[in-house]
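Right, one structure below, let's go through it.
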Amino acid sequence: MGKIIAVNISEKKGTQKVNVHSAKVIENFGLENDAHAGKWHRQVSLLSYEKIEAFKAKGAPVQEGAFGENLIVEGIDCKTLPVGTKLVCNDVILEVTQIGKQCHSGCEIFKIMGDCIMPREGIFTRVLHGGTITEGDTIEIMEV
């Protein structure tokens with residue numbers, strides 16, 4: 001079982017996400033008002049809190065949403081979840097569709113640190129059932 005640490009959105013692509021603390025999650029779309037939501041396979045992105053903290057310990061000046069992640073999750077190593085895994089948080093059901101991604105060249109974090117964790121640690125999901133996700137909510141692996 002994990003816990004939601006932050007709920008992040010960006011209103012425009014190419015900008016860092018900001019913590020809005022709670023968001024409506026729309027079935028087959030993503031987080032309401034998030035620029036990356038849409039009818040595709042990367043509707044909601046997740047990143048493990050522990051991986052962010054380890055990266056920060058190396059001196060990375062990052063805040064919530066800096067990697068473009070929608071949900072920061074404590075207690076679940078996101079990158080170890082196979083494609084097809086379902087996660088449940090309140091009424092929201094997410095299905096893992098992709099592990100990691102190709103980092104766009106020259107992201108700000110990579111320029112500063114020479115590394116970025118999102119390409120290897122982040123996961124992407126599609127929304128099977130909508131609802132609301134708020135900081136402090138529990139999130140569980142429903143099935144693999």
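Every read-out reported here was derived from the displayed coordinates using simple, explicitly stated rules and does not represent laboratory data. None of these values were measured; they are calculated from a predicted model. Note: ideal-geometry Cβ built from the backbone for every residue, glycine included; neighbour counts use all protein chains shown.
Values computed for the structure shown
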| read-out | value |
| --- | --- |
| Within a Gaussian network of the chain (alpha carbon springs, distance under 10 Å), most fluctuating of GLY68, GLY130, GLY59 | GLY59 |
| Cut-off 13 Å, label 7 Å out along Cα→Cβ of ILE112, residues of the range 3-24 by amide N | 16-17 |
| Per-residue HN-Hα couplings for the range 47-53 [Karplus 6.51, -1.76, 1.60; θ = phi - 60°; Hz; x = Gly/Pro] | 9, 6, 4, 4, 5, 5, 5 |
| Of ASN19, ASN90, ASN70, the one that fluctuates the most in a GNM where the chain has Cα springs shorter than 10 Å | ASN90 |
| Above-threshold pairs, the threshold being 24 Å between Cα atoms, out of LYS12/LYS101; LYS12/LYS86; LYS3/LYS86; LYS51/LYS86 | LYS12/LYS86 |
| Highest-MSF residue in the chain out of ALA54, ALA35, ALA66 [GNM, Cα springs under 10 Å] | ALA54 |
| Ranking of SER45, SER10, SER22 by count of other Cβ atoms within 10 Å, fewest first | SER22, SER10, SER45 |
| The range 1-107 shape via C-alpha gyration tensor axes, a/c threshold 1.5 | rounded |
| Ranking of THR80, THR134, THR125, THR85 by count of other Cβ atoms within 10 Å, fewest first | THR80, THR134, THR85, THR125 |
| Computed [θ] at 222 nm, helices only, for the chain once each DSSP H run of length n ≥ 4 contributes -39500 (n - 2.57) | -3000 deg cm²/dmol |
| Neighbour-count order for GLU121, GLU11, fewest beta carbons within 10 angstrom listed first | GLU11, GLU121 |
